[in-house]
Amino acid sequence: MGALHHQLVHELGYDPDDGVPSAEDVARDLPVGAVVRAREGAVLVAVARLGSGRLVIVEDECPHDGGRISDGFVEGERLVCARHNWELEVVGRRCERVRSCKLR
């Protein structure tokens with residue numbers, strides 16, 4: 001292990017050889033409706049192509065209970081967490097739960 005690689009792993013917690021692709025590499029050919037886990041530097045992210053074709057990159061952690069957003073799926077312009085089917089709307093670089101109510 002070279003000095004730079006050692007520093008990345010032991011001081012920053014980032015292993016460039018961990019097999020997780022970069023967000024840039026994933027985004028190039030990501031089809032509409034897909035969501036995959038990737039990395040931006042030392043941060044794990046979910047890269048998704050929404051129904052409109054819009055590309056989004058968000059932290060790979062559901063605000064509900066910390067599950068991986070990348071394990072979920074795309075439904076139109078929303079991401080859905082696979083753990084509890086929370087519908088998430090992308091706001092900036094974060095996901096927020098979509099508030100809903102029943103109409104009477």
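Here is how the numbers come out for the structure above:
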item: Selected residue (only one of A27, A38, A48 is touching a Leu at 6+ places or on another chain (Cβ under 8 Å), part of a helix (DSSP H, G or I) and at pLDDT 90 or above); result: A27
item: Residue match in region 52-71 (condition: modelled with pLDDT of 65 or more, more than 14 Å from the chain's Cα centre (by Cα) and not in a loop (DSSP other than H, G, I, E, B)); result: no
item: Total residues in region 35-61, condition under 16 Å from P21 (Cα atoms), in contact with a helix residue (DSSP H, G or I) (Cβ under 7 Å, 6 or more places away or on another chain) and surrounded by fewer than 17 Cβ atoms within 10 Å (Cβ to Cβ); result: 2
item: Residue in region 83-104 that is part of a loop (DSSP other than H, G, I, E, B), at pLDDT 90 or above and either under 16 Å from the mean Cα position of the chain (by Cα) or surrounded by fewer than 11 Cβ atoms within 10 Å (Cβ to Cβ) (or both) present; result: no
item: Residues located in region 62-82, provided they are crowded, with 19+ Cβ neighbours inside 10 Å and within 16 Å of A23 (Cα to Cα); result: I69, S70
item: Close pairs from region 61-79: first on the phi > 0 side of the Ramachandran plot, partner buried (at least 17 other Cβ atoms within 10 Å of the Cβ) and part of a loop (DSSP other than H, G, I, E, B), Cβ under 9 Å, at least 6 apart; result: G76/L50
item: Pair list, Cβ under 7 Å, 6 or more apart: region 26-39 residue within 18 Å of E75 (Cα to Cα) and touching a residue at least 24 places away in the same chain (Cβ under 8 Å), other residue among the hydroxyl-bearing types (S, T, Y) and surrounded by 18 or more Cβ atoms within 10 Å (Cβ to Cβ); result: V35/S70; V36/S70; R37/S70
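The values are calculated or read from the model by the stated rules, or taken from the named source; none is laboratory data. Computed from a prediction, not measured in an experiment: that's the story for all the values here. Here the Cβ is made from the backbone with ideal geometry for all residues, glycine too, and neighbour counts use every protein chain on show.
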